[in-house]
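Data block below; observations after.
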Amino acid sequence: MKTRSPARRNFLRGAAAGLAGLAAGSAGLARANEDSLVLGVFPRFSASETTTRYTPLAEYLRERLNRKIVLVTSKDFQSFWRGIEERRYDIVQYNQYHYIRSAKSYQVIAHNKEFGKSTLAGALYVRKDSGITSLAQLRGRTVLFGGGEDAMISYIAPVYMIMQAGLKKEEFTSQFAINPLNSVIGVYRKQADAAGSGDIVIGQPAVKGAINPDELTALAVSEQLLHLPWAVKRTMSAPLREAIQSSLVDLENTETGRNVLKAAQLTGIGKAEDKDYDPHRRMVRLVMGHL
């Protein structure tokens, strides 16, 4: 039988120990990745502003959950939506239409409260001197919407109201401003006949500072709709899902939490469940032709 020299035996022991160390390191990295939660926020603002607003929230969740929270921002909607399709985010904040589209993979747990409200409505604004007093009069006219066709409040809800009045999408011209505020300002400046926006936009300081809102009027306002949703992966365990939900809902109950909300420019976060977004689904079904 062949014997090994002491040096050979020591080398083999060292190699085995090294391999065990590498395996342990890999396992530790895997555990670290498993323990991390990725928080995705849709690009409502620039990446730098999103980071500034939501870093305190990520830190708060890290302390509450005892888990590393990785805040992920996106430079544009396309890259953000790839993250949704690939289920990269464990926790995500996005708009109501985004949630409806991703509801097979994500479960809603909460909603934003902004300016003290849990809901908001879509609205169509016109100039008071335009002579437009009914939605039917938008036939052949130009409507300037705030955001793209995925904007729940400033596109889908206003178009839903127009279609409910008997018009088809091809019977009016759709144009898009960069955001809901700019759509209202554009109509004030006679760049379009009507603005698709939100019901609270007309009172925003940025709008009041740029135009005289008294020269505009709401042609139509939709029903109140629950605000922007927070969702988690459907594969997440119930205890973790409930811990995240309670952490978000508890924010407005402590001074630390209120400071986190202030940084994100929110006034609170409330509980939500899937059926709360059925009114939004009704609008999406008519306007987009799908869910």
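Below, the figures for the structure above:
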{"read-out": "FRET efficiency, Glu215 to Asn66 (Cβ-Cβ, R0 45 Å, nearest 0.05)", "value": "0.25"}
{"read-out": "Cβ-defined net charge surrounding Val184, 14 Å radius [Lys, Arg +1; Asp, Glu -1]", "value": "+1"}
{"read-out": "Compactness index (Cα Rg / 2.2 N^0.38 Å), region 181-248", "value": "1.72"}
{"read-out": "By average C-beta atoms within 10 angstrom, highest first, the peptides 177-183, 50-56, 92-98", "value": "92-98, 177-183, 50-56"}
{"read-out": "Expected 222 nm ellipticity per residue - DSSP helices of 4 or more, -39500 (n - 2.57), all of the chain, to 500", "value": "-13000 deg cm²/dmol"}
{"read-out": "Difference of contour (0.36 nm per residue) and Cα-Cα distance, Lys75 to Thr256", "value": "62.2 nm"}
{"read-out": "Anchor Lys117: aspartates and glutamates whose Cα lies under 17 Å away (excluding residues fewer than 8 positions away in-chain)", "value": "Asp199, Glu223, Asp250, Glu252, Asp276"}
{"read-out": "Surface share of carbon and sulfur [accessible, 1.4 angstrom probe, percent] for the chain", "value": "50 percent"}
{"read-out": "Distance from region 223-280 to region 149-216 (C-alpha centre basis), Å", "value": "28 Å"}
{"read-out": "Cα-Cα over 27 Å, subset of Lys113/Lys275; Lys104/Lys262; Lys68/Lys275", "value": "Lys104/Lys262; Lys68/Lys275"}
{"read-out": "Calculated FRET value between Thr142 and Arg44, using beta carbons and R₀ = 30 Å, to 0.05", "value": "0.75"}
{"read-out": "Among (i) 25.1, 105; (ii) 20.5, 61; (iii) 19.0, 55, the entry that matches Rg and Dmax of the Cα atoms in Å as calculated here", "value": "(i)"}
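The values are calculated or read from the model by the stated rules, or taken from the named source; none is laboratory data. For clarity, every value in this text was computed on a predicted model and none was experimentally measured. Don't worry about glycine lacking a Cβ; one is built from the backbone with ideal geometry, like all the others, and counts go over all protein chains shown. SASA here: full protein model, heavy atoms, side chains in, ligands and nucleic acids out. Shrake-Rupley method; radii C 1.70, N 1.55, O 1.52, S 1.80 Å.
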